[in-house]
Amino acid sequence: MAVACAVCLRELHYRLLSGPYGATIAQMAIAGSNTHEIGQIIRRIKTKIAEPIRVEDLASMANMSASSFHQHFKAVTAMSPAQYQKRLRLTEARHILLAGNADAASAAYRVGYQSVSQFSREYARMFGAPPMRDVEELRKPATSATAS
């Protein structure tokens, strides 16, 4: 069984590295590369989700200029650092709301929003409905499926 897993893992690595994103994936593993540094910054943004970010500070942590950092970050994530953090915050808030652990205001504050109205606007823009209506809609299929 262990040999089969090792063969499968080797095959997976081969396919990933020989595919269209192989060079990017390889760069992420090379310590000190720009892509590796961006990966480290992404992990930091995720662990400090509620903290405000400044591109200049993140660039400094990655040992890059602000413009170079922005360019490399966008190449890896297809978003600016601010867009990435916003998407991450809104997705995390959605998970909090779906878990039933908080109302919209509490979820907004937990992920770093200072304004509930700004949170609601951005949430609706991203998910197509205000927070509580979105959560109700997401729960409907689960409720009707368990009732059947």
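The values are calculated or read from the model by the stated rules, or taken from the named source; none is laboratory data. Note that the coordinates shown come from a computational prediction; the quantities given were computed from them, not determined experimentally. As a convention, Cβ positions derive from the backbone with ideal geometry for all residues, glycine included, and neighbour counts pool all protein chains shown.
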Which listed residue, of Ala50, Ala124, Ala108, is in contact with a Gly (Cβ under 6 Å, 6 or more places away or on another chain) and farther than 30 Å from Leu17 by Cα: Ala50
Answer residue from region 74-99, given it is of a type in the set (Ser, Thr, Tyr) and part of a helix (DSSP H, G or I) and is nearest to Val135 (Cα to Cα) among those: Thr91
Hey, Met132 closer than 24 Å to Tyr21 by Cβ, out of contact with any Cys (no Cβ under 6 Å at 6 or more places or on another chain) and hydrophobic (A, V, I, L, M, F, W, C) or not: no
Within region 44-60, tally of residues that are more than 19 Å from Gln114 (Cβ to Cβ), loosely packed, with under 13 Cβ neighbours inside 10 Å and in contact with a helix residue (DSSP H, G or I) (Cβ under 9 Å, 6 or more places away or on another chain): 2
Number of the condition not met by Ala102 [criteria: (1) part of a loop (DSSP other than H, G, I, E, B); (2) in contact (Cβ under 8 Å) with a residue 24 or more places away in the chain]: (2)
Qualifying residue in region 110-121 (condition: part of a helix (DSSP H, G or I) and either within 28 Å of Asn34 (Cβ to Cβ) or in contact (Cβ under 8 Å) with a residue 40 or more places away in the chain (or both)): yes
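One line per residue, one yes/no per condition, for (1) within 18 Å of the chain's Cα centre (by Cα); (2) at pLDDT below 95; (3) of a type outside the set (Lys, Arg):
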position	(1), (2), (3)
Leu9	no, yes, yes
Leu12	no, yes, yes
Leu17	no, yes, yes
Tyr21	no, yes, yes
His36	yes, yes, yes
Gln40	yes, yes, yes
Met64	no, yes, yes
Ala75	yes, yes, yes
Lys86	yes, no, no
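Look at region 110-124 and say how many of its residues are crowded, with 16+ Cβ neighbours inside 10 Å and within 20 Å of Glu51 (Cβ to Cβ).
Taking region 110-124 first, the residues crowded, with 16+ Cβ neighbours inside 10 Å are 110-113, 116, 119-120, 122-123.
Those still in the list that are within 20 Å of Glu51 (Cβ to Cβ) too: 110-113, 116, 119, 122-123.
Residues that pass the stated criteria total 8.
Being crowded, with 20+ Cβ neighbours inside 10 Å and aliphatic (A, V, I, L, M) narrows it down to one residue among Ala93, Ala66; which is it? Full working, then the answer.
On the way: Ala66 fails: crowded, with 20+ Cβ neighbours inside 10 Å.
One residue alone meets the criteria, Ala93.
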Where a residue in region 8-21 is on the phi > 0 side of the Ramachandran plot and its partner, wherever it lies, is part of a loop (DSSP other than H, G, I, E, B) and modelled with pLDDT of 80 or more, with Cβ under 6 Å and at least six apart: none
